[in-house]
Amino acid sequence: MTLPRPDLQRAAGASNGYLNQLNAIAQDAAREDDDGKWGIDGWVRLIHNLLDLNMRTYAGAVQVALAGPSWWLTPVSTKPIPPDPIEVPKQPYVCTVSVSEPFTRVGRPDVRIPVQALTFQPNILSPGQTTVQITLTDDRFTGANYTGTLRLRRADGAGQDSLPVKVTIGL
């Protein structure tokens, strides 16, 4: 999961402001047309309003660019946001956590996370522990959901049975 990004919210806010002003101009033109006041003057006024909106928007963008560091140049945090813990079945013994089947991107099975790019916290579960957290160490795979299979295996080596756990997680 990712947190909201204020830099993207600012850009979205500017775009929404432009679209809201464009909508207001269109609503005024439609209201004049409904009142029967539309004619060549209505067309001229509409074109002038649209040109004015575009010039004000362009001038505002130039002012923002000249004012200082732009929203797209603000540094982003390099500290990864840990994903939500994954629930696994309770086991009566100490077990290790590993990857049984590679994690593939949901909707894009050709994108696979290398096994060495995943770490587990904790990688050894005590008896009765039911949560494990997967951390991604390769930034090329962030921002998507992945499906894979974890393997819970007895840590003491008694018995060769292992429990596969299929999980989907947002990294």
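Data table
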quantity: For Val88, residues with placed amide H under 5 Å, excluding near neighbours; calculated: Thr131, Val132
quantity: 3J(HN,Hα) from dihedral phi, segment 12-26, Karplus parametrisation 6.51/-1.76/1.60, rounded to Hz, x for glycine, proline; calculated: 5, x, 5, 5, 5, x, 4, 5, 5, 5, 5, 5, 4, 5, 5
quantity: Segment 131-142 - phi-based ³J(HN,Hα) in whole Hz, Karplus 6.51/-1.76/1.60, Gly and Pro as x; calculated: 10, 9, 10, 9, 10, 8, 9, 10, 5, 5, 10, 6
quantity: Residue-normalised accessible area of segment 83-171, expressed per residue, 1.4 Å probe, Å²; calculated: 57 Å²
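The values are calculated or read from the model by the stated rules, or taken from the named source; none is laboratory data. Since we're looking at a predicted model, the values are computed, not measured. The protein model used for the area step is the full one, side chains on, heavy atoms only, and it has no ligands, DNA or RNA in it. Shrake-Rupley method; radii C 1.70, N 1.55, O 1.52, S 1.80 Å.
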